[in-house]
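Heads up, the thing below is written out as structure tokens.
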Amino acid sequence: MSELIQVGPSNTCNDFPLESLGKIFYKKIKEWDCDRILLIDSEGEITYGEFQKLTVQLAKQFQRLGIRKGDVITIISPNHWRFIATIVAGFYIGATINLLNYDYTSGELKHLLLICNPVLILCTKKSLIKLKKLENEVELPHILLYDSDFDSSLKCSYSEEFKPIDELDPMTEVALILTSSGTTGFPKCVQLTHSNMRTTMLHAMDPTFLDLNKHESWIAFLPFYHVFGCAIALASILSGCKTVIMEKFIPDLFLTLIQNHKITKLFVVPPILQFLVKNPLVEKFDLSSVTDILCGAAVVRKELEEMVQKKFQIKSVRQVYGMTEVCGGATMIPKNFQKYGSSGKVMSYTQIKVCDVTSEETLSAYQIGEIRIKGNGIMKGYLKNKEETEKTFNEEGFLKSGDLGYYDEEGYFYIVDRLKEIIKYKGFQVSPAELENLLIQHPAVNDAAVVGLPDERAGELPLAFVVKQDKNITEKELIQYISENISKQKHLYGGVRFIESIPKSPSGKILRIKLKEML
């Protein structure tokens, strides 16, 4: 093994064998005290005993509908307990669960349903309206509504003799089909196997990394259709960590739930960190129960980390780097460690190397190149898209992340930017993330995003979209501020445009394609 390839440590939390997720979840749920609270949402509390009964009843109903191993069940819905119960019940019978964004348009849904070909769709009445528009274009399967006829499907008799399906290969059988971010073109369908998900569950329960355990609690506002929200919700079931579910992020409700339920862990994206340190509403609530904050989806710079640390009196903001294609995280700041600006060390069962995108040479510490990942969490491939799958892997089986980064002499990784988002100004490479971080530090700036403005002579000019914190700030002042704090080729030659909000995906990633459409 080359010393230039960083390898994650052996996992010390391997307390369940390599088998189907159905068997893993069924056994672990039964091990917990049946009266222990598992989930809390707007409808009340659900214990482990109730959850076991509900998931078995739902699994039996799926079997009555003729659903078999490998059949696809699609979920299109906001967060609630039924969403999680559907996933687990699907695992019991060996079904493949496909999770779709409920904000997708009818056109986006058509594209994905034609790829996934589900035998059952579970959704809300709002999503049903979009699906009905496709009746003449797509052969829609049986549909169950979460907000109407779902509960009647739980009337199957509960049986202690129920056994999850056993006849499947966890290394090859697909457990989940999630979608890639889709910030350019249509999203791709990522196939994650039972083994992939098992690896992510181990990461979540490893005390070195996520450290989900029976003493912790968290708020599930990250969408369950996204790998971040889905993985934490599922791992919480196995670990005994209490889950408080929010349908979506509502500022005052979010703060109220932290205060009332004494939430200990926050899994967030960068916009939430900004909210926690910049919004005066936060001062009205007692958030002292929070002892661990983990942030994913985009890079958090030192200045924002310091503000969060000071506010919550914690050791560090533990950044996580990952993607849907690696079934969650690839690097993470270990518990009780601090490394400003870093996305952490390589996680268990994972190898990472940094490569020059032109020469394919493996690079050493502090050399910037493309992050490439190999390990037990790496996806099986894109469903019905052999060409894109082949382009995503190199000859050694490393997944090409499309992210630029480097590691230091201690093996801590730093993500610089997306390979495709780097701005080329007169031959210089300008990182949008670097400029965004600088802009957000300005007290008059609430949020910012930087894109390249096409220019015949220079190639691209860095241009900033800014959301004001102080309405009196001017374009000239911000351009001057940047010019005083960064090298000449990175100045805002494209100018500044003030907007009401920065378009972002539910996971917090800036949708630069929408900003470029404004140009």
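The values are calculated or read from the model by the stated rules, or taken from the named source; none is laboratory data. As the structure is a prediction and not an experimental result, all values here were calculated from the model. Positions of Cβ are backbone-derived with ideal geometry, glycine not excepted, and every protein chain shown enters the neighbour counts.
Out of all the residues in the stretch 275-289, is one or more part of a loop (DSSP other than H, G, I, E, B), aliphatic (A, V, I, L, M) and touching a residue at least 24 places away in the same chain (Cβ under 8 Å)? Steps first, please.
Pass one, the stretch 275-289, residues part of a loop (DSSP other than H, G, I, E, B): 279, 285-289.
From what is left, the residues that are aliphatic (A, V, I, L, M) are 287.
Now restrict to residues that are touching a residue at least 24 places away in the same chain (Cβ under 8 Å): 287.
Taking every residue of the stretch 275-289 in turn, at least one turns out to be part of a loop (DSSP other than H, G, I, E, B), aliphatic (A, V, I, L, M) and touching a residue at least 24 places away in the same chain (Cβ under 8 Å).
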Quiz item: Of these, D71, D35, which one is in contact with a Ser or Thr (Cβ under 8 Å, 6 or more places away or on another chain), modelled with pLDDT of 95 or more, acidic (D, E) and more than 24 Å from N196 (Cβ to Cβ)?
Solution: D35
Quiz prompt | Count - residues of the stretch 329-354 that are in contact with a helix residue (DSSP H, G or I) (Cβ under 9 Å, 6 or more places away or on another chain) and of a type outside the set (S, T, Y) | solution = 5
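Of all residues being farther than 28 Å from E306 by Cβ and in contact with a strand residue (DSSP E or B) (Cβ under 9 Å, 6 or more places away or on another chain) in the stretch 429-462, which is surrounded by the most Cβ atoms within 10 Å (Cβ to Cβ)? Just the residue, please.
Step one: list which residues in the stretch 429-462 are farther than 28 Å from E306 by Cβ, which gives 452-461.
Filter once more, so that each one left must be in contact with a strand residue (DSSP E or B) (Cβ under 9 Å, 6 or more places away or on another chain): 452-455, 458-461.
Working: G452: 22, L453: 18, P454: 11, D455: 14, A458: 19, G459: 14, E460: 18, L461: 20.
Step by step, filter the stretch 429-462, then rank; the result is G452.
Name the strands (runs of 3 or more DSSP E) wholly inside the stretch 1-118 in which the number of residues that are buried (at least 22 other Cβ atoms within 10 Å of the Cβ) is 1 or more.
Values: elements: 37-41, 44-47, 72-76, 96-100.
Once the strands (runs of 3 or more DSSP E) in the stretch 1-118 are filtered for at least 1 residues that are buried (at least 22 other Cβ atoms within 10 Å of the Cβ), what remains is 37-41, 72-76, 96-100.
Check the stretch 304-313 and report whether any residue there is within 30 Å of Y382 (Cα to Cα) and either touching a Ser or Thr at 6+ places or on another chain (Cβ under 9 Å) or not aromatic (F, W, Y) (or both).
To start, the set of residues in the stretch 304-313 that are within 30 Å of Y382 (Cα to Cα) comprises none.
No; the residues of the stretch 304-313 include none that is within 30 Å of Y382 (Cα to Cα) and either touching a Ser or Thr at 6+ places or on another chain (Cβ under 9 Å) or not aromatic (F, W, Y) (or both).
Among the residues of the stretch 504-519 satisfying the criterion of being more than 18 Å from I423 (Cβ to Cβ) and not small (G, A, S), which is surrounded by the most Cβ atoms within 10 Å (Cβ to Cβ)?
Quick first cut of the stretch 504-519, residues more than 18 Å from I423 (Cβ to Cβ) only: 504-508.
Subset that is not small (G, A, S): 504, 506.
Details: K504: 18, P506: 20.
Of everything passing the filter in the stretch 504-519, P506 is surrounded by the most Cβ atoms within 10 Å (Cβ to Cβ).
Run down R318, R418 and say which single residue is surrounded by fewer than 20 Cβ atoms within 10 Å (Cβ to Cβ) and over 30 Å from T172 (Cβ atoms). Steps first, answer last, please.
Numbers: R318 fails: surrounded by fewer than 20 Cβ atoms within 10 Å (Cβ to Cβ).
Exactly one of R318, R418 is surrounded by fewer than 20 Cβ atoms within 10 Å (Cβ to Cβ) and over 30 Å from T172 (Cβ atoms), namely R418.
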Quiz item: Of the conditions (1) out of contact with any Cys (no Cβ under 7 Å at 6 or more places or on another chain); (2) small (G, A, S); (3) surrounded by 24 or more Cβ atoms within 10 Å (Cβ to Cβ), G377 fails just one. Which one is it?
Solution: (1)
Quiz item: Within the set of pairs 6 or more residues apart or between chains, which connect a residue that is assigned by TED's automatic domain parsing to the domain that holds Q57 inside the stretch 133-151 to a residue that is in a loop (DSSP other than H, G, I, E, B) and β-branched (V, I, T) with Cβ atoms less than 9 Å apart?
Solution: P141/V119; H142/V119; L145/T124; Y146/T124; D147/T124; S148/T124
Quiz item: Failed condition for D211, given (1) on the phi > 0 side of the Ramachandran plot; (2) in the same structural domain as L253 (by TED's automatic domain parsing), with all others met?
Solution: (2)
Self-check item: Selection within the stretch 189-226 - among the hydroxyl-bearing types (S, T, Y) and not in a loop (DSSP other than H, G, I, E, B)
Solution: T193, S195, T199, T200, S217
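For the stretch 460-513, what are the residues that are β-branched (V, I, T) and touching a residue at least 40 places away in the same chain (Cβ under 8 Å)? Spell out how you get there, then give the answer.
Applying the first criterion (β-branched (V, I, T)) to the stretch 460-513 yields 466-467, 473-474, 479, 482, 486, 496, 499, 502, 510, 513.
The answer is I482, I486, I502, I510, I513.
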Practice problem: Count, please, the residues in the stretch 423-436 that happen to be touching a residue at least 60 places away in the same chain (Cβ under 8 Å) and in contact with a helix residue (DSSP H, G or I) (Cβ under 7 Å, 6 or more places away or on another chain). | Solution: 5
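Listed here are the residues, each with its yes/no results for (1) out of contact with any helix residue (DSSP H, G or I) (no Cβ under 9 Å at 6 or more places or on another chain); (2) under 25 Å from V88 (Cβ atoms).
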| position | (1), (2) |
| --- | --- |
| W218 | no, yes |
| V227 | no, yes |
| S236 | no, yes |
| K242 | no, yes |
| D286 | no, no |
| V290 | no, no |
| V308 | no, no |
| Y321 | yes, no |
Exercise. Output the residue which, of all residues in the stretch 416-453 that are among the polar types (S, T, N, Q) and within 26 Å of the chain's Cα centre (by Cα), is nearest to K488 (Cα to Cα).
Key: S431
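So that you can scan it fast, the table gives a plain yes or no per residue for (1) within 25 Å of L99 (Cα to Cα); (2) crowded, with 17+ Cβ neighbours inside 10 Å; (3) out of contact with any Gly (no Cβ under 6 Å at 6 or more places or on another chain); (4) assigned by TED's automatic domain parsing to the domain that holds L304:
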{"residue": "M323", "(1), (2), (3), (4)": "yes, yes, yes, yes"}
{"residue": "I352", "(1), (2), (3), (4)": "no, yes, yes, yes"}
{"residue": "V357", "(1), (2), (3), (4)": "no, no, yes, yes"}
{"residue": "S364", "(1), (2), (3), (4)": "no, no, yes, yes"}
{"residue": "G381", "(1), (2), (3), (4)": "yes, yes, yes, yes"}
{"residue": "N385", "(1), (2), (3), (4)": "yes, no, yes, yes"}
{"residue": "E388", "(1), (2), (3), (4)": "yes, no, yes, yes"}
{"residue": "Y407", "(1), (2), (3), (4)": "no, yes, yes, yes"}
